[in-house]
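A short worksheet on the structure shown next.
The values are calculated or read from the model by the stated rules, or taken from the named source; none is laboratory data. As the structure is a prediction and not an experimental result, all values here were calculated from the model. Note that we place each Cβ from the backbone using ideal geometry, even for glycine, and neighbour counts take in every protein chain shown. Heavy atoms of the whole protein, side chains included, go into the accessibility calculation; ligands, DNA and RNA do not. Shrake-Rupley method; radii C 1.70, N 1.55, O 1.52, S 1.80 Å.
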Amino acid sequence: MEKTKKKMSFGEMLRLNHRGLKLFYDRYPQMVVSRLFFVIWNALTPYVGIFLSALIVDELAGNRNAERLKFLVFVTLGSAAVIALGTALLNKWKEAQNAGLWLKVENIISGKMLDMDYVSLDDTHTSELLSTIRQNMRGGGWGLYYVILFYEGLCSSALTILGGLALTVSLFMSKVPEGSGILVILNHPLLVIAVILLMLAVTFLSPVLSNKGGAYYAKYADSHNLGNRLFSFFGFLGYHTEIATDVRMYRQDNICDRYNRNKEDTFGSNGLFAHLAWGPMGLYSAAGAAVSVLFTGIVYGFVCLKALAGAFGLGAVTQYVAAMSKVSGGMSNFVYYLGRMRNNTPFLELTYEFLDIPNTMYQGSLTVEKRRDRNYQVEFRNVSFKYPGSENYALKGINMKFEIGKRLAVVGMNGSGKTTFIKLLCRLYDPTEGEILLNGIDIRKYNYREYMDIFSVVFQDFKLFSLKLGQNVASKVAFDKNRVLDCLEKAGFSDKLAEMPEGTETYLYKDYEDKGVDVSGGEAQKIAIARALYKDAPFIILDEPTAALDPMAEAEIYSKFDEIAGDKTAIYISHRLSSCKFCDEIAVFHEGAVIQQGTHAKLVADEEGKYYELWNAQAQYYTETA
Ligand code: ADP
């Protein structure tokens, strides 16, 4: 699945990495700055020791002045103590600011998900991108996470090079005394240049070779991702408690074994990456390591020959050898990190493609008037809708007006468009054709947040958090206890509440609290209804509210529905017609269109109509099962 891509320019590579760094800096400036200080400190302070040791060695090999030696030792020890203290303090600062770097990356990605138009969230391309980005991250850190680490490496190596060069300039400048025989050749500018070039060549060759090895990860990113995705599911099968029953019932671990023990799999012992490791990837890495040894040989040779010829003393030898090996390390690291940054670019491009998904939904600025009389008139005018990427209309030519304070039931078989209708009403999607009006004005023109404030919806797939019951109902950390209790009572949760030891302070579920209380699907639904009531919006919408309820609870909900809805305009969606009888108006959806509308009595009297057909089919079902 290898993709051929055109080679990226150096500038483009830097631009991509720089954008990543800026993303972190804008959100977490202290994290970036503390790392920078730490890097500067760590790269430059070793040279203090190297410089001072050289002075001590020189003194020992030369004058041996006890006073000066004492002074030098004192300064060396003192500086070492200050450096250690500084390192510890900076490290503390850096650690505190960088805690949970993973989480920070996840926060950037998840923040985008929260800000995204719902319609993009629902797009399969978005979920594919997200899944690939997260797999890349887990497969080592490819993408944003590495940006920080590679910049840190690059900065550190650049500073190490500069510091080391400052201490080695004199190595190349100092002259061997005339009369040193053949060794005078060491003064020849061409020889000096040749040695410098040789050192550079060897220094650069080593990381180039290891990066060539590393580049295979980027080259085979698709296989790498697929391998990771398969492994992160099948390799951790036992962790998925939600499938534990099926796994046991059908011994599903046997069919998954193919992925776990398959030697040919991406990361298997006979798979793609094993072959690469035995072949080019391994060879490049080994060659890279071998070449770096050459550098040390050249430095030692050059420094020792110059010292032998009398160009400088013993102290300088230790200083040059130590500083040059640091420069060499710095240079290899510099090239290595540049290479790693390049290898990371395909992963960054994917991340930015995701972060750049535009919010295309029109955002109006009109304020939604706050009305005590809840006089909000909503009208669907010729509304049709196709899901993005779908050829078929999920809704076709819907015309409907909600009467304020009335109860409207939306009924129809599965897939007839009931939920889509509600999603359009809440502007999770915009109509493909036609318009929805609030008090005569297209809903697109209103401030979206304010528009959402007039609806309380209990969707079928609602979610509660493993937080306190009261917090769940109020959707706030600090909640109005009496109001929560009132809403829970209206939603029919009082009996269960009486069993809860800490009342509204009780934690739901046991994820974060041992004393948390598990609730059944039906009980959870009541809490979700209470949450909708707490919001106290002018419209209350219940989407298949009885789906998770047992018949008793279901009967309880509709008997109380009128009380629950109060003075709100209520929309009740269900495919169980018996639960809609009490509504003022019933709209029958069929294949995306409203084919009948009226009261139960009127609709059931029309023996040719869909409602009659559905009613009888369900009535028969209920009598039979009863
Ligand atoms: P209901 O709520 O009546 O069961 P829906 O509104 O969920 O029906 O679905 C109406 C139609 O739209 C169905 O044909 C369904 O397959 C299709 N549909 C629902 N959600 C999506 C989606 N996210 N993408 C594409 N098609 C969808």
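Evaluating ILE422 against the criteria (1) more than 14 Å from the ligand (Cβ to nearest atom); (2) open to solvent by less than 20 Å² (accessible area, probe 1.4 Å); (3) hydrophobic (A, V, I, L, M, F, W, C) leaves one unmet condition, (1). Among the conditions (1) within 16 Å of the ligand (Cβ to nearest atom); (2) among the β-branched types (Val, Ile, Thr); (3) more than 18 Å from ALA532 (Cα to Cα); (4) open to solvent by less than 40 Å² (accessible area, probe 1.4 Å), ILE443 misses just one, which is (1).
Considering only residues in the range 562-587 that are more than 16 Å from the ligand (Cβ to nearest atom) and of a type in the set (Ser, Thr, Tyr), the one that is most open to solvent (accessible area, probe 1.4 Å) turns out to be SER578.
Here ASN399 does not qualify as within 38 Å of the chain's Cα centre (by Cα) and surrounded by fewer than 18 Cβ atoms within 10 Å (Cβ to Cβ). In summary, helices (runs of 4 or more DSSP H) completely within the range 116-235 and bearing 3 or more residues that are open to solvent by less than 40 Å² (accessible area, probe 1.4 Å) and closer than 30 Å to THR345 by Cβ occur at 124-138, 144-173, 189-219, 221-234. Of the set (1) in a helix (DSSP H, G or I); (2) buried (at least 17 other Cβ atoms within 10 Å of the Cβ), all apply to GLY297 but (2).
Residue-level check: of (1) away from the ligand (no atom under 12 Å from the Cβ); (2) open to solvent by 50 Å² or more (accessible area, probe 1.4 Å); (3) under 22 Å from VAL119 (Cβ atoms); (4) of a type outside the set (Asp, Glu), GLY415 misses just (1). Of the helices (runs of 4 or more DSSP H) that lie entirely inside the range 389-476, those containing 1 or more residues that are touching a residue at least 24 places away in the same chain (Cβ under 8 Å) and among the basic types (Lys, Arg) span 418-425. The residues of the range 373-407 that are under 17 Å from LEU424 (Cα atoms) and in contact with a Ser or Thr (Cβ under 7 Å, 6 or more places away or on another chain), listed by number, are SER384, PHE385, LYS386, TYR393, ALA394, LEU395, LYS396, GLY397, PHE402.
Take the conditions at pLDDT 95 or above and either open to solvent by less than 40 Å² (accessible area, probe 1.4 Å) or among the aliphatic types (A, V, I, L, M) (or both) and apply them to VAL477. Does it pass? Here the answer is no, as VAL477 does not meet what is asked.
Of the helices (runs of 4 or more DSSP H) lying entirely inside the range 1-107, those containing at least 1 residues that are under 22 Å from TYR146 (Cβ atoms) and open to solvent by 60 Å² or more (accessible area, probe 1.4 Å) span 10-27, 29-44, 66-98. Anything in the range 446-468 that is more than 16 Å from the ligand (Cβ to nearest atom) and open to solvent by less than 40 Å² (accessible area, probe 1.4 Å)? List them, or say none. Correct list: TYR446, TYR451, ILE454, PHE455, SER456, LEU464, SER466.
Residue check: PRO388 meets all listed conditions (1) open to solvent by 60 Å² or more (accessible area, probe 1.4 Å); (2) closer than 30 Å to THR506 by Cβ; (3) within 15 Å of the ligand (Cβ to nearest atom) but one, namely (2).
Does ARG427 qualify as being at pLDDT below 95, away from the ligand (no atom under 12 Å from the Cβ) and surrounded by 18 or more Cβ atoms within 10 Å (Cβ to Cβ)? For ARG427, the condition - at pLDDT below 95, away from the ligand (no atom under 12 Å from the Cβ) and surrounded by 18 or more Cβ atoms within 10 Å (Cβ to Cβ) - is met.
The residue pairs whose first member lies in the range 45-74 and is of a type in the set (Asp, Glu), whose second member is open to solvent by 60 Å² or more (accessible area, probe 1.4 Å), and whose beta carbons are closer than 6 Å, counting only pairs six or more residues apart or on different chains, are GLU59/ARG68.
Got at least one residue in the range 69-78 being over 30 Å from GLN97 (Cβ atoms) and among the charged types (D, E, K, R)? Within the range 69-78, one or more residues are over 30 Å from GLN97 (Cβ atoms) and among the charged types (D, E, K, R). Pairing residues of the range 155-176 that are touching a residue at least 60 places away in the same chain (Cβ under 8 Å) with residues that are charged (D, E, K, R) and open to solvent by 30 Å² or more (accessible area, probe 1.4 Å), at Cβ distances under 6 Å and at least 6 apart in sequence or on separate chains, gives THR160/LYS326; GLY164/LYS326. Scanning the range 353-385 for residues that are of a type in the set (Ser, Thr, Tyr) and either outside any loop (DSSP other than H, G, I, E, B) or open to solvent by 60 Å² or more (accessible area, probe 1.4 Å) (or both) turns up THR360, TYR362, SER365, THR367, SER384.
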